[in-house]
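**Student:** I'd like to ask some things about the structure below.
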Amino acid sequence: MVFEVMKVPTTTFEGQKPGTSGLRKKVKVFVQPHYLQNFVQATFNALTPEKVKGATLVVSGDGRYFSKDAVQIIIKMSAANGVRRVWVGQNGLLSTPAVSAVIRERVGADGSKATGAFILTASHNPGGPNEDFGIKYNMENGGPAPEALTDKIFENTKTIKEYLIADELREVDISTIGVTNFSGPDGPFDVEVFDSASDYVNLMKSIFDFELIRKLLSSPKFTFCYDALHGVAGAYANRIFVEELGAQQSSLLNCTPKEDFGGGHPDPNLTYAKELVERMGLGKSNSGVEPPEFGAAADGDADRNMILGKRFFVTPSDSVAIIAANAVGAIPYFSSGLKGVARSMPTSAALDVVAKSLNLKFFEVPTGWKFFGNLMDAGQCSICGEESFGTGSDHIREKDGIWAVLAWLSILAYRNKDNINGDKLVTVEDIVRQHWATYGRHYYTRYDYENVDAGGAKDLMANMVKMMSSLDEVNTIVKGARSDVSKVVNADEFEYKDPVDGSVSKHQGIRFLFEDGSRLVFRLSGTGSEGATIRLYIEQYEKDPSKIGRDSQEALAPLVEVALKLSKMQEFTGRSAPTVIT
């Protein structure tokens, strides 16, 4: 079919500045005339010509509401802008980590490689006609666009006057695998719909010992449960856990991807993954049914994970530290050693202790996966993680929820390889408690205050910055709230100079560091679609083996009290309690 290019006059829009998480708004914003088109054209205009003309692009996402319409619009705009071919996951589904893998690994029948991708996701936020939609651009390394490009995209949205689209191009059937060919002013244009899972599954099989994991899952003593929360992880769960690893079909929960995530909130934490939490014995009700030995959940686009043992929650901060401590022995991909490890600043210092003990390079970076990507591209980091349920490695340039689950299954399989038929398997809880006994425990929790008034949130942060200049005043407040809490010895606003490209990132969160190693961190998050989210991180390090078994919330209660008093949280936000505690 032959198509023509249309230049559509449009008005400028000053969109939310897209960060590494992209542009996120309510669906009702994206469906406004020209809104999505303006952002896509602003992106094409920001890219160098060789990344557009004759290029191969990936277009897919987590399948949320409006995704199928968006795929068709981006296909038509790609054709009009001179793109040579577009690769689409079947039904428009590709997890964010799978997109990164496709960019890095996939080779077309004609030898083509992708130079970038439009990923359609709002990550862990709800979906549906009245909920959230998002779009972001990933680069040729498979990672999120750097700030220089997102700044350029943002500036383009303020001046855009027209966009290019092949409006009469017939819609491509994205439910059927195959290639559709078109002809346009710049020559041939192809759309290839491919199997969403194959490339990613093959990559996972090259990293992990699937046979060893399969032996673990076949043990009558080991039971397993995976909850995709009706996100895109469901497109991979059956292939990996059931077909490849032999888990029972009944082990999978909510693994049919849905446009509205089944009406739920696809955020894998103890608040929103209710069904899994109940099944793992961590809920309020007691069904009398014995929980599985291992449970895990994913978010909407499958880049986040939650790890649970029987009646036991593994904090993401502990999770990345434990994976790093066990990776060389348990995961073939790392058998020759780790290049280094990294964590985001708000993540607990559990990984720091492992790095020091194993003599590994260690990096503390701002929140945002691009910082890890820079280190990985420079060959300085193998494993990294964020406290916000994101864990990953240098196999791709995104966090990877299913990779994290397979890493934990690998550790469990490795620890039990000589004991599969023994009386009792080493459990998730055993591994965590052994880790604490070796490295000490970082008691850790996060309080999220979601959709608070943006003005109040900014005032709270500004007041905290002002307070940092007088530690005497801070300590007066601390002691007035709790006399049993250590004194603050340092307070700062985290700033990071990237050791690879020299870029400086400022205003990355406010830190209060206590004499005993405890920390309070306050940060404004940019992952919501409206209002503001304040995240409060509370951490206390305990080396005494007799004190590492306490309930986390109980151990941290004094520091929580201090944090709320210090920040005047209720005064500035009107909130007497957080939306979510993790």
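**Student:** Would you work out which of Ser567, Tyr200, Phe241 lies farthest towards the positive end of the dipole of the chain, given +1 charges on the beta-carbon of Lys and Arg and -1 on that of Asp and Glu, about the Cα centre?
**Tutor:** Going by the charge dipole, the pick is Ser567.
**Student:** Next up: Taking loop as defined by DSSP and a crowding limit of 11 other beta carbons within 10 Å, which trypsin sites (Lys or Arg not before Pro) in region 194-284 fit?
**Tutor:** Lys284
**Student:** Expressed as cubic angstrom per residue, what is the convex hull volume of the alpha carbon set of the chain?
**Tutor:** So the per-residue hull volume is 149 Å³.
**Student:** Still on this structure: Between Leu513 and Val500, what length comes free when the chain is fully extended (0.36 nm per residue of separation minus the Cα-Cα distance, one decimal in nm)?
**Tutor:** So the extension gain works out to 2.0 nm.
**Student:** Measure out, as a whole number of angstrom, how far apart the alpha-carbon centroids of region 319-356 and region 67-102 sit.
**Tutor:** 34
**Student:** Normalized C-alpha radius of gyration of region 334-488, against 2.2 N^0.38 Å?
**Tutor:** Expressed relative to 2.2 N^0.38 Å, the Cα Rg reads 1.33.
**Student:** Count of lysine pairs in region 199-439 with Cα atoms under 16 Å apart, counting only pairs 8 or more residues apart in sequence or on different chains?
**Tutor:** 13
**Student:** Simple spin-label model, 7 Å along Cα-to-Cβ: Glu171 to Glu571 in nm?
**Tutor:** Taking the simple label geometry, Glu171 and Glu571 are separated by 5.5 nm.
**Student:** To continue, here is another question. Counting pairs of alpha carbon atoms under 8 Å apart in space and at least six apart in sequence, what relative contact order in percent does the chain give?
**Tutor:** This gives 13 percent for the chain.
**Student:** Quick one: grab the alpha carbon gyration tensor of region 141-214, order the square roots of its eigenvalues as a ≥ b ≥ c, and give me rounded if a/c is under 1.5, else prolate or oblate depending on whether a/b is larger than b/c.
**Tutor:** Here region 141-214 falls in the oblate category.
**Student:** Using alpha carbon centroids, what distance separates region 512-570 and region 459-502, in Å?
**Tutor:** Measuring centre to centre over Cα atoms gives 13 Å.
**Student:** For the chain, give the magnitude of the charge dipole about the Cα centre (Cβ charges: +1 Lys/Arg, -1 Asp/Glu; no others), in debye to the nearest 20.
**Tutor:** Dipole size: approximately 560 debye.
**Student:** Here's a follow-up. Once the piece of chain linking Gln32 and Asn202 is laid out straight, how much longer is it, given 0.36 nm per residue of separation minus the C-alpha distance between them?
**Tutor:** Length difference between fully extended and current span is 57.2 nm.
**Student:** Just how far, in whole angstrom, is region 170-230 from region 377-411 if you go by their alpha carbon centroids?
**Tutor:** Distance between centres, Cα-based: 19 Å.
**Student:** Continuing with the same structure: Determine the calculated [θ] at 222 nm for the chain from helices alone, applying -39500 (n - 2.57) to every DSSP H run no shorter than 4 residues and normalising by the residue count; nearest 500 deg cm²/dmol.
**Tutor:** The helix contribution divided over the chain gives -9500 deg cm²/dmol.
**Student:** Measuring from a point 7 Å past the Cα of Ser357 along Cα-to-C-beta, which residues in region 304-322 have an amide N at less than 19 Å?
**Tutor:** From region 304-322, the list is 314-322.
**Student:** Seen from all sides and averaged, what is the projected area of the convex hull of the Cα atoms in region 4-195, in nm²?
**Tutor:** Hull-based average projected area comes out at 9.5 nm².
**Student:** Right, another one. Report the relative contact order of region 4-195, percent, no decimals, based on alpha-carbon pairs under 8 angstrom and at least 6 residues apart.
**Tutor:** The value is 36 percent.
**Student:** Considering amide H positions built from the backbone, and no H for Pro or chain starts, which residues 5 or more places from Ile160, or on another chain, come under 5 Å of its amide H?
**Tutor:** Under 5 Å from the amide H of Ile160: Phe13.
**Student:** Can you tally the lysine pairs in region 4-195 where the Cα-Cα distance is under 13 Å and the two residues are eight or more apart, or on different chains?
**Tutor:** Lysine pairs meeting both conditions in region 4-195 amount to 9.
**Student:** On to the next question. How would region 81-178 be classified by its alpha-carbon gyration tensor: rounded, prolate or oblate, with rounded meaning a/c under 1.5 and the a/b versus b/c comparison settling the rest?
**Tutor:** In terms of gyration-tensor shape, rounded.
**Student:** Also, I was wondering about something else. Efficiency by 1/(1 + (r/R0)^6): what FRET value for Thr12 and Ala148, r their Cβ-Cβ distance, R0 = 22 Å, to the nearest 0.05?
**Tutor:** Once the sixth-power term is evaluated, E becomes 0.55.
**Student:** In whole percent, what relative contact order does region 116-265 give with Cα contacts below 8 Å and a gap of six or more residues?
**Tutor:** Answer for region 116-265 is 21 percent.
Read-outs: derived from the displayed coordinates by stated rules, not from any lab. None of the values given here were measured: they were computed from a predicted structure. Glycine gets a Cβ as well: all are built from the backbone with ideal geometry, and neighbour counts include every protein chain shown.
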